[in-house]
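The values are calculated or read from the model by the stated rules, or taken from the named source; none is laboratory data. Bear in mind the structure is a predicted one, so any value in this text is a computation, not a measurement. Glycine gets a Cβ as well: all are built from the backbone with ideal geometry, and neighbour counts include every protein chain shown. We work out accessible area using only protein heavy atoms, side chains counted, and drop any ligands, DNA or RNA first. Shrake-Rupley method; radii C 1.70, N 1.55, O 1.52, S 1.80 Å.
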Amino acid sequence: MPEATTGTAAHHNGAPAPGRVVAGGLVDAHVHPDKSSWGGPWMSRTAAAGLSEFIANDLATQRGYTRSVEERAYGLLSTALANGTLAMRAHVDVSSELGLRNVEGVRAAASRLAPWLTVQIVAFPQFGLLTNPGTLEVMAASLDAGADLVGGIDPLGLEGDVEAHLDAVFGLAERSGRDLDIHLHDGGEPGLAQIREIAARTVARGMQGRVTVSHAFALAEQNAPSLRETLDRVAETGLWVTTCALGDDPVLDPELLEAHGVELALGSDGVRDSWTPFGTGSMVDRAHLFAYRTGAMTDAQLERAYRIASEQGGRLLGIPELSAPAAADAPTRLEFAGESLAQLVVDRPAPERVVRNGRTLPAR
């Protein structure tokens, strides 16, 4: 494998080395590895009418897998690592039906890839929290079984009680001293109102910089009357936002969020599970899709897509070596064949070399 020797366009002793690009490690800021069918036979899917039917299909699919959570998650995580993902925030289902098995399986898979891949696990109540009795207790137990963060989901759209749901997840986060990451698919003014309420509670509990709103579809509705007020509140509060550019989901506008000072990171969401047949395990692919769907054209716009998939994710997860551009001699870096970072986002290559803390990842 050829050696790379420098920063954005690789250099050797200060001189450009044509055809080499050095870039920062990638971060998948929102992924569901426990749901994935990765490495197994093709899984045919049926259309679902609404969130509740999707959730029912999801649970049935997970119960029907013959391969373990660890085996499926390891296949996806190891593929992501080979493609340059050095950290991820994994939303892992916790419920009265599944107990702790998914958290334990993903943590076991992640331990096999340490120290190359850093995995934060969010205890995620996919099937409801208040509406699924016993789940809150399992979530609390999961924090002693390998989960790192407390998760939430659609306080209004799924749970039907914004106050009670946020009381529960903020309360658990505060008692356990953990950060919080809430799925929010609800759109329109109801979705924006929930985001403002999450911001208010973040300030009230002194959790600035420690709360993430995943998806935040309401922030994609540029004609919503309270959008800009909400974006300002998000920025003032230090809320993080993640987007995934999956399927026909709304995609957040990076220029609008940047103008308001909102912190944005990128994830791959579901990968070949009951929710979607798509996903490759590559965050370069995801940066490409995000750039395509947000109309990126200039080098600066394409580079921003890579930055959101790398440095921004590193900042969200609190990993210093992944929170800044990689210099040529950085102990943690990716090395690609190519001409520029913008070209990488368009061409979607896998890195030729993955280096973390001075060690090169062995070839698979």
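Among the residues of region 303-321, which ones are open to solvent by less than 50 Å² (accessible area, probe 1.4 Å) and either of a type in the set (Lys, Arg) or under 15 Å from Leu264 (Cα atoms) (or both)? First the steps, then the outcome.
The initial filter retains those residues of region 303-321 that are open to solvent by less than 50 Å² (accessible area, probe 1.4 Å), namely 304-306, 308-314, 316-317, 319.
If the condition is that a residue be open to solvent by less than 50 Å² (accessible area, probe 1.4 Å) and either of a type in the set (Lys, Arg) or under 15 Å from Leu264 (Cα atoms) (or both), then Arg304, Ala305, Tyr306, Ile308, Ala309, Ser310, Glu311, Gln312, Gly313, Gly314, Leu316, Leu317 are the ones that fit.
Evaluated against (1) open to solvent by 40 Å² or more (accessible area, probe 1.4 Å); (2) at pLDDT 95 or above; (3) of a type outside the set (A, V, I, L, M, F, W, C); (4) touching a strand residue (DSSP E or B) at 6+ places or on another chain (Cβ under 9 Å), Asp28 falls short on exactly one condition, (1). Scan region 322-344 for residues that are acidic (Asp, Glu) and open to solvent by 20 Å² or more (accessible area, probe 1.4 Å) and jot them down. Asp329, Glu339 - these are the residues of region 322-344 that are acidic (Asp, Glu) and open to solvent by 20 Å² or more (accessible area, probe 1.4 Å).
Glu255 falls short on exactly one of the conditions (1) crowded, with 16+ Cβ neighbours inside 10 Å; (2) out of contact with any helix residue (DSSP H, G or I) (no Cβ under 8 Å at 6 or more places or on another chain), and that condition is (1).
Identify, please: which residue in region 110-135 is more than 18 Å from the chain's Cα centre (by Cα) and surrounded by 20 or more Cβ atoms within 10 Å (Cβ to Cβ) and is, among those, modelled with the lowest pLDDT? Restricting to residues being more than 18 Å from the chain's Cα centre (by Cα) and surrounded by 20 or more Cβ atoms within 10 Å (Cβ to Cβ), the top hit is Phe127. Residues of region 111-122 that are free of Cβ contacts under 8 Å to residues at least 60 places away in the same chain and more than 24 Å from Leu136 (Cα to Cα): Ser111, Arg112, Leu113, Ala114, Leu117. When Val345 is tested against the conditions (1) more than 24 Å from Cys244 (Cβ to Cβ); (2) within 19 Å of the chain's Cα centre (by Cα), the lone failure is (1).
Among the residues of region 256-274 satisfying the criterion of being hydrophobic (A, V, I, L, M, F, W, C) and within 16 Å of the chain's Cα centre (by Cα), which is farthest from Val92 (Cα to Cα)?
Keep residues of region 256-274 that are hydrophobic (A, V, I, L, M, F, W, C), which gives 256-257, 259, 262, 264-266, 271.
Now restrict to residues that are within 16 Å of the chain's Cα centre (by Cα): 264-266, 271.
On the way: Leu264: 21, Ala265: 19, Leu266: 17, Val271: 13 Å.
Only one residue fits best here, namely Leu264.
Residues Met88, Met43: which one is in contact with a helix residue (DSSP H, G or I) (Cβ under 8 Å, 6 or more places away or on another chain) and either open to solvent by less than 30 Å² (accessible area, probe 1.4 Å) or in a helix (DSSP H, G or I) (or both)? It would help to see each step written out before you state the result.
Values: Met43 fails: either open to solvent by less than 30 Å² (accessible area, probe 1.4 Å) or in a helix (DSSP H, G or I) (or both).
From the options Met88, Met43, the qualifying one is Met88.
Restricting attention to region 350-364, the residues that are open to solvent by 50 Å² or more (accessible area, probe 1.4 Å), more than 18 Å from Tyr306 (Cα to Cα) and part of a loop (DSSP other than H, G, I, E, B) total 5.
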